[in-house]
Amino acid sequence: MAEETPQAPENKPSEQPAADRSAEAKPAEGEAGAPKPEVKSEDQLKAEARSPKKQVAVDAKGSIWMSRRNFFSRAGWAAFFAFVASFLIGSLRFMFPRVLFEPSPIFKAGYPDDYPVGFVSTIWVKEQRVWIVRDDDGLYAILAICTHLGCTPRWLDAENKFKCPCHGSGFTSAGINFEGPAPRPLERVQVTLAEDGQLLINKSIKFLQEKGDWGKPGSILKV
């Protein structure tokens, strides 16, 4: 019986995946026939950057949240520095307090011969609120402030009295209250002679009749 000779296996081409075959079929970049990468112009790049689709994609990544966080952070720092600045300004302002420069209560009112006996001078009422009066006893200065509510009375030469226009208080030429609601006489202020012989009026020193001050030195000038 003849031996059967083994048959050699048939050489079949090896099967490769379709992906490998397609890769082999595509020419590599740079080789002849390979597709060249698309080169975009500057105008195309700007147009893509302005496109709504790209903006939505950027917003989806959280840029809005980042901008809000930065905003609140900057607002917090701004408030902090504003507080520090106001504190420093207040501290500096405290070191330089406001000073009220009031006019001096002392002024010169001319010479005694400028005021004849029986004369009531009103030339200093508007500027200094003071009347200069001279009678047989001497020369004195009356403060032109009503003792009722502080109004400025008027000198009525025809009636020989001071009359307050606010509530009708009346005072004699010496300053004694005799009508209206004024509770006490007008106040006198210090009058002396300066070195040059002029009348020196000091409104900061007052003499009240009800306290017996009208006889004290300075309440009247004997001339």
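Every residue, every condition in (1) at pLDDT below 95; (2) in a loop (DSSP other than H, G, I, E, B); (3) among the polar types (S, T, N, Q), yes or no:
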position	(1), (2), (3)
Val133	no, no, no
Asp136	yes, yes, no
Ala141	no, no, no
Phe162	no, no, no
Phe178	no, no, no
Arg184	no, yes, no
Thr192	no, no, yes
Lys206	no, no, no
Val223	yes, yes, no
If you go through Gly197, Gly168, Gly175, Gly180, the only one that is within 21 Å of Tyr115 (Cβ to Cβ), assigned by TED's automatic domain parsing to the domain that holds Phe119 and touching a strand residue (DSSP E or B) at 6+ places or on another chain (Cβ under 9 Å) is Gly175
Is it true that some residue in the stretch 145-154 is in contact with a helix residue (DSSP H, G or I) (Cβ under 8 Å, 6 or more places away or on another chain) and either part of a helix (DSSP H, G or I) or assigned by TED's automatic domain parsing to the domain that holds Asp196 (or both)? yes
Mind checking whether some residue in the stretch 149-171 is among the β-branched types (Val, Ile, Thr) and touching a Phe, Trp or Tyr at 6+ places or on another chain (Cβ under 9 Å)? no
In the stretch 79-120, which residue that is hydroxyl-bearing (Ser, Thr, Tyr) and farther than 30 Å from Lys206 by Cα is modelled with the lowest pLDDT? Ser91
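The values are calculated or read from the model by the stated rules, or taken from the named source; none is laboratory data. Here the structure is a predicted model, which is why all the values come from computation and not from measurement. Heads up, the Cβs are rebuilt from the backbone with ideal geometry, glycines too, and the neighbour counts pull from every protein chain shown.
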